[in-house]
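Contents: one structure, followed by commentary.
The values are calculated or read from the model by the stated rules, or taken from the named source; none is laboratory data. None of these values were measured; they are calculated from a predicted model. Here the Cβ is made from the backbone with ideal geometry for all residues, glycine too, and neighbour counts use every protein chain on show.
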Amino acid sequence: MHNLQGVRRFFSKHRTGMMFLTPAVALNLVFFVYPLVRVFQMSFYNWSVLGSNRFLGLGNYERLVNDPLFWKSLSNTVIYTLIVTPGIFLLALALALLLNHKSPLTNVFRTIYFVPVAISFVVASLVWLWIFNELYGILNYVLSSLGFISSRVSWLGSTWNARLSVSAMVIWKTAGFSMMILLAGLQGVPVECYEAANIDGANARQRLLYVTLPIIRPTFVMALMVSLIGSFLAFDHFHVMTQGGPANGTLTIVMYIFRTGFEYFNLGYGSAMSIVLLIILIVLSLIQTRSLQSDTVE
Amino acid sequence: MKLKKWQVVGFYLINILLVLAFVAPIVWTLMTSLKPTDQILTYPPELLPREITFEHYRTLLTVNGGEFMRYAVNSLIVTSGTILVVMAVSSLAGYAFAYLRFPGINIFFISILATMMVPFQSLLIPLYGFMHRMGLLNSYFGLILIYSTFQLPFCVFMMRNTFSALPASLRESALLDGCTEAQVFTKIYLPLSLPGFATVLVYSFMTSWNELLMALTFNSSAKVQTIQVGLTNYYLSRYRTNWEMITSGSIITMIPVLIVFFILQRYYVRGLTSGAVK
Amino acid sequence: MKRLSIFVVVMIVALAATGMAMAQTIVVWDREVQTEETVALFNAKMEAEGSSKRAEFQLVPYEQQTQLFLAALAAGNAPDVISLDIILHPYFNSIGAFLDITDRIEALEYRSALPEGMLHLGEVDGRYYGIPYTVDLSGLVWNKTLFREAGLDPERPPQTWDELIEYAQLLTKDVDNDGETDQYGFGIVGSSAGWQMFGFMPVVWSFGGDLLNADGTEVLIDSPQSIAALQMWVDLIHKYKVAPVNSATWQYSDVYNGFVTERVAMMLSGNYNIITFQDDAPDLDFGITFIPRAEHGQHASFSGGNLMAISRDTKQADLAWEFVEFAMSEDIQVEVWAKSGALPVRTDLFDNKYFAQDSRFAVFADILEVARAPYSTKYNELYAPMLTAMQRAMMGEISPEQAYQDAAKDMKRALQY
């Protein structure tokens with residue numbers, strides 16, 4: 001419908017929807033899309049803060065493709081995401097199911113599991129850096145005092161150790177948040193569904209698999225997507241705990257973008273990497289939605 | 001459903017073990033904040049303070065003529081402003097995505113979600129330039145708008161899902177009865193979305209309260225600094241990690257967030273929607 | 001009536017204009033809290049003199065300093081005065097961010113007391129764009145108590161690396177007899193580019209090697225002397241075993257905490273830690289001296305710190321310079337900086353009452369003589385491959401020779417962009 005009549009009809013038919021949507025879209029366009037367009041622009045230049053910018057066409061993108069460190073940081077990020085996400089979700093789901101009952105202390109327990117979420121990532125990283133130190137850290141001290149280990153463990157001393165240890169810290173820190181989201185979803189499961197299942201003679205496991213999980217699927221998918229994207233953008237904890245080391249083994253993609261822009265002053269190149277990262281994440285999200293999404297449950 | 005006795009005991013046992021594991025680092029942080037400075041870096045590590053001292057808290061709260069109170073007020077203003085904006089905007093948008101769809105609406109959804117997919121550092125320079133030109137630097141309003149924009153993805157997503165999980169039939173029958181969309185939204189769906197709202201509120205409060213980089217970038221003038229920015233001054237010098245400040249500062253800033261979460265627990269009540277279908 | 005209202009309007013506008021002209025403000029950025037104090041003192045002085053000139057201070061944390069300055073520059077909102085990390089000045093001068101203050105500097109009465117090495121970092125084609133403001137120097141810290149326990153003279157720190165190795169071997173022990181070393185003779189900060197440069201570059205220099213040539217155009221890291229320095233460094237870990245095996249992942253705070261808890265006997269540190277050690281462990285008995293030199297080399301040190309610069313586009317150049325002079329005055333350099341344990345940047349002020357109380361500061365006057373910093377517009381970008389290569393050598397994955405040859409290749413590639 002390219003004629004004016006059709007357009008006007010379209011707008012008036014969907015007027016309410018558009019009005020409801022306007023505030024969000026306005027904020028989004030002004031404070032996100034506009035700077036993003038500038039970043040997109042910057043990615044085609046050897047961009048300098050003052051003075052002249054050299055036009056490079058696709059130069060930054062070519063450089064990116066041939067940059068071993070870009071690919072390494074991307075693969076580091078993917079590996080980390082693959083470790084952390086199942087960890088967070090298994091724990092969050094277990095906690096949410098555990099605390100889906102009313103009991104006098106449920107609120108207290110839930111709040112306690114939420115406590116790590118309430119501190120900032122930087123502070124948590126500093127504290128855990130201290131805990132993990134192989135020489136004077138508490139973890140080694142406690143474990144060896146209790147006799148669980150015979151020699152000191154270097155928690156952050158090698159690439160894989162660092163990956164796993166930092167992941168453990170992140171799981172500890174964010175499980176409570178995903179738990180909160182899943183709890184909200186679980187509350188939406190009508191009691192009648194459980195009662196119906198009971199009447200049909202279902203046991204706990206069957207109730208979980210056939211009643212609970214399908215109903216909270218949209219919530220689960222959302223929580224998963226948010227967590228996944230968040231992991232892809234990991235920066236603070238690695239920056240504080242490993243600085244990307246050893247030998248770039250824990251360098252995440254955002255750390256590399258940050259360095260490129262603010263330590264090497266290659267802002268155009270950093271912008272190109274940001275655009276590529278955005279495209280990757282959009283594609284990932286679309287794939288995830290297609291394969292996991294179900295329609296709203298009636 | 002009545003739980004058997006062993007299930008009750010098991011419930012408490014598992015929880016207590018998990019609680020210990022979760023809370024240990026926090027207890028450590030709390031204990032450290034109560035220790036005299038020279039007892040903090042010791043080996044073997046000592047959990048309990050040799051003498052409980054509140055000097056670090058006193059320092060934080062009284063330094064420079066009590067500028068901490070100013071930071072706290074600034075944080076409160078920005079945080080409450082953001083919560084109001086976010087809750088209003090995201091529930092309207094979430095409702096539209098759930099029930100007022102039109103061809104092409106997904107573009108907007110993707111655009112809003114994309115906000116989560118770009119690290120703030122990448123947008124920092126163009127966004128700063130824009131805020132400067134608009135005269136929004138060092139203002140409550142400017143920071144509230146920025147925070148709202150970057151919190152939208154999660155909140156819109158959350159509210160959309162919350163509304164979608166409710167039966168569409170409620171809306172259909174209400175419209176048939178002659179209600180306007182606005183009335184359906186405010187009188188029917190909103191009241192049934194309390195768990196979702198609670199989540200959004202906690203998220204928005206926590207994110208706004210703990211946020212550092214944007215506040216530092218846009219509101220670095222002393223008059224409008226938020227708590228996190230103000231405290232950073234004391235946390236890290238290049239030469240030394242100020243453990244006594246970091247731990248006491250974290251405990252202070254953490255408490256409001258936990259209080260909010262604890263209070264909002266009552267909205268995670270099952271069965272809110274079960275009667276509605278009937 | 002109309003003439004009266006015109007008159008009133010003109011008077012109001014004139015008064016407003018005078019008012020605006022009279023209230024001048026400059027914005028000052030720094031990452032150090034001491035400058036905040038300096039600004040407060042400056043404003044107090046201006047008020048006492050009845051002037052309406054003021055300075056507004058913004059504390060910009062070290063971590064975010066570069067990001068925020070870049071954003072401000074791009075938006076045309078740069079601060080009038082900024083105190084910025086010395087090694088970043090070559091880059092910012094290459095894009096013309098700062099004002100030429102050569103004549104003003106030459107007119108200072110204490111001109112000869114300004115460290116030449118630092119001035120050089122703010123120099124382009126013989127003109128100065130920054131003035132030394134704060135200085136950090138690296139040295140060796142040693143634990144006198146542990147020295148005594150090992151039978152070493154606590155007042156005689158090692159002068160050469162060979163001596164250090166010898167002493168460190170006596171200081172590396174299994175204190176609780178559980179089969180594992182729990183006290184190390186030497187601590188290495190392997191994980192941070194900044195700390196490696198601050199501590200390790202002087203070692204390379206002392207061996208006769210270097211990262212780059214004088215104007216930063218040529219890579220010298222793969223020279224035999226540089227490689228020899230790295231070999232010694234790696235040997236400390238794997239051959240002599242006086243530094244922890246995983247030193248490549250140790251952060252500065254790890255080594256610092258190790259020293260404070262007396263699990264590490266010696267480490268490379270800086271003048272600022274003289275005060276912080278006393279805060280964190282008042283009973284710690286430590287000394288600080290030159291970084292050891294190679295057998296046939298000279299002592300060296302890294303002069304870090306800040307230069308103060310004025311923004312090229314400032315509208316208040318005179319007021320900005322007035323503030324700079326105030327910040328460089330004896331009152332401030334001694335009463336604000338020396339009092340809090342930092343070094344005054346003017347060598348004519350080293351002999352002050354605060355330093356007289358703690359003899360450990362005295363050595364830094366001598367260390368300043370041998371200190372330098374590398375000049376490069378791509379400082380961070382060039383050091384990154386060097387750090388990566390060093391970490392791999394320190395983890396025993398590749399030989400030091402291989403490491404620096406790989407690093408040189410990456411650095412040459414970075415230089416060509």
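Looking at B:LEU61, B:LEU41, B:LEU84, just one residue is within 14 Å of chain A (Cβ to nearest Cβ) and modelled with pLDDT under 90, and that residue is B:LEU41. Among the conditions (1) buried (at least 20 other Cβ atoms within 10 Å of the Cβ); (2) more than 16 Å from the chain's Cα centre (by Cα), the only one that C:MET201 does not satisfy is (2). Among the residues making up segment C:174-198, those that are at pLDDT 90 or above and of a type outside the set (A, V, I, L, M, F, W, C) are C:GLN183, C:TYR184, C:GLY185, C:GLY187.
Taken as a whole, the structure leaves B:PRO153 outside the set of residues that are part of a helix (DSSP H, G or I) and under 21 Å from A:THR212 (Cβ atoms). Inside segment C:235-251, residues that are within 25 Å of the chain's Cα centre (by Cα) and assigned to a loop (DSSP other than H, G, I, E, B) make up a count of 3. Scanning segment A:109-120 for residues that are modelled with pLDDT of 85 or more and either farther than 26 Å from A:ARG205 by Cα or more than 7 Å from every other protein chain (Cβ to nearest Cβ) (or both) yields A:THR111, A:ILE112, A:PHE114, A:VAL115, A:PRO116, A:VAL117, A:ALA118, A:ILE119. Among the candidates C:GLY179, C:GLY190, C:GLY194, the residue that is surrounded by fewer than 22 Cβ atoms within 10 Å (Cβ to Cβ), in a loop (DSSP other than H, G, I, E, B) and among the small types (Gly, Ala, Ser) is uniquely C:GLY179. Checking each residue in segment A:135-150 for being more than 29 Å from the chain's Cα centre (by Cα) and facing another protein chain (nearest Cβ under 9 Å) picks out A:LEU135, A:TYR136, A:TYR141, A:VAL142, A:SER144, A:SER145, A:SER150.
Checked against (1) more than 10 Å from every other protein chain (Cβ to nearest Cβ); (2) surrounded by 18 or more Cβ atoms within 10 Å (Cβ to Cβ), A:PRO214 passes all but condition (2).
Condition (residue is under 22 Å from C:GLN64 (Cα atoms), touching a residue at least 60 places away in the same chain (Cβ under 8 Å), surrounded by fewer than 16 Cβ atoms within 10 Å (Cβ to Cβ) and hydroxyl-bearing (Ser, Thr, Tyr)) applied to segment C:91-108: is it met by at least one residue? There is at least one residue in segment C:91-108 that is under 22 Å from C:GLN64 (Cα atoms), touching a residue at least 60 places away in the same chain (Cβ under 8 Å), surrounded by fewer than 16 Cβ atoms within 10 Å (Cβ to Cβ) and hydroxyl-bearing (Ser, Thr, Tyr). Evaluated against (1) within 12 Å of chain C (Cβ to nearest Cβ); (2) of a type outside the set (S, T, N, Q); (3) in contact with a Ser or Thr (Cβ under 6 Å, 6 or more places away or on another chain), A:VAL153 falls short on exactly one condition, (3).
Selection of segment C:261-292 for residues being of a type in the set (Val, Ile, Thr) and either touching a Lys or Arg at 6+ places or on another chain (Cβ under 6 Å) or facing chain B (nearest Cβ under 7 Å) (or both) yields C:THR261, C:ILE274, C:THR276, C:ILE288.
Need the failing condition index for B:ALA93 against (1) part of a loop (DSSP other than H, G, I, E, B); (2) within 7 Å of another protein chain (Cβ to nearest Cβ); (3) aliphatic (A, V, I, L, M), just the number. The number of the failed condition is (1).
Name the single residue, out of those in segment A:46-66 being on the phi < 0 side of the Ramachandran plot and away from chain C (no Cβ under 14 Å), that is surrounded by the most Cβ atoms within 10 Å (Cβ to Cβ). The residue in question is A:TYR61. Of all residues in segment C:185-213, those that are farther than 27 Å from C:ARG263 by Cα have Cβ atoms under 6 Å from Cβ atoms of residues that are assigned to a helix (DSSP H, G or I), 6 or more apart or on another chain, in C:PHE207/C:GLN225; C:PHE207/C:ALA228; C:PHE207/C:ALA229; C:GLY208/C:GLN225; C:GLY209/C:GLN225; C:GLY209/C:SER226; C:GLY209/C:ALA229. Being under 17 Å from the mean Cα position of the chain (by Cα), modelled with pLDDT of 90 or more, within 11 Å of another protein chain (Cβ to nearest Cβ) and not in a loop (DSSP other than H, G, I, E, B) is a condition met by no residue of segment B:131-139.
Under the condition of being more than 10 Å from chain B (Cβ to nearest Cβ) and in a helix (DSSP H, G or I), the residues counted in segment A:1-39 number 7.
On the basis of being surrounded by 22 or more Cβ atoms within 10 Å (Cβ to Cβ), on the phi < 0 side of the Ramachandran plot, touching a Phe, Trp or Tyr at 6+ places or on another chain (Cβ under 7 Å) and part of a helix (DSSP H, G or I), does C:ILE332 make the cut? Considered against the rule, which asks whether it is surrounded by 22 or more Cβ atoms within 10 Å (Cβ to Cβ), on the phi < 0 side of the Ramachandran plot, touching a Phe, Trp or Tyr at 6+ places or on another chain (Cβ under 7 Å) and part of a helix (DSSP H, G or I), C:ILE332 comes out as no. Against the definition (at pLDDT 95 or above, in contact with a Phe, Trp or Tyr (Cβ under 7 Å, 6 or more places away or on another chain) and either among the hydroxyl-bearing types (Ser, Thr, Tyr) or surrounded by 15 or more Cβ atoms within 10 Å (Cβ to Cβ) (or both)), how does A:PRO35 come out, yes or no? So A:PRO35 fits the description; yes.
Note on segment A:1-32: among residues that are small (Gly, Ala, Ser) and either crowded, with 17+ Cβ neighbours inside 10 Å or touching a Phe, Trp or Tyr at 6+ places or on another chain (Cβ under 7 Å) (or both), the one that is modelled with the lowest pLDDT is A:GLY17.
May I ask you to say which residue of C:TRP233, C:TRP205 is aromatic (Phe, Trp, Tyr), within 26 Å of C:THR145 (Cα to Cα), assigned by TED's automatic domain parsing to the domain that holds C:TYR404 and touching a Phe, Trp or Tyr at 6+ places or on another chain (Cβ under 9 Å)?
Every option except C:TRP233 fails the conditions.
For segment A:67-119, the set of residues classified as surrounded by fewer than 21 Cβ atoms within 10 Å (Cβ to Cβ), in contact (Cβ under 8 Å) with a residue 12 or more places away in the chain and among the small types (Gly, Ala, Ser) consists of A:GLY87 only. With respect to C:ALA338, is the statement that it is within 22 Å of the chain's Cα centre (by Cα), in a helix (DSSP H, G or I) and either more than 14 Å from every other protein chain (Cβ to nearest Cβ) or of a type in the set (Lys, Arg) (or both) true? In short, yes. Checked against (1) within 30 Å of A:GLN288 (Cβ to Cβ); (2) more than 11 Å from chain A (Cβ to nearest Cβ); (3) outside any helix (DSSP H, G or I), B:ARG101 meets all criteria but (2).
Mind telling me which of the residues C:ASP254, C:ASP313 ends up being in a loop (DSSP other than H, G, I, E, B) and more than 9 Å from chain B (Cβ to nearest Cβ)?
Being in a loop (DSSP other than H, G, I, E, B) and more than 9 Å from chain B (Cβ to nearest Cβ) holds for just one of C:ASP254, C:ASP313, which is C:ASP313.
Quick check: is even one residue across segment A:141-154 closer than 25 Å to A:THR77 by Cβ, in a loop (DSSP other than H, G, I, E, B) and touching a Gly at 6+ places or on another chain (Cβ under 9 Å)? No.
Of all residues in segment C:393-417, which are without any contact (Cβ under 8 Å) to a residue 40 or more places away in the chain and in a helix (DSSP H, G or I)? Result: C:GLN402, C:ASP406, C:LYS409, C:ASP410, C:ARG413, C:ALA414. Here C:TYR375 fulfils each of the conditions (1) in contact with an Asp or Glu (Cβ under 9 Å, 6 or more places away or on another chain); (2) assigned to a helix (DSSP H, G or I); (3) not charged (D, E, K, R) apart from (2).
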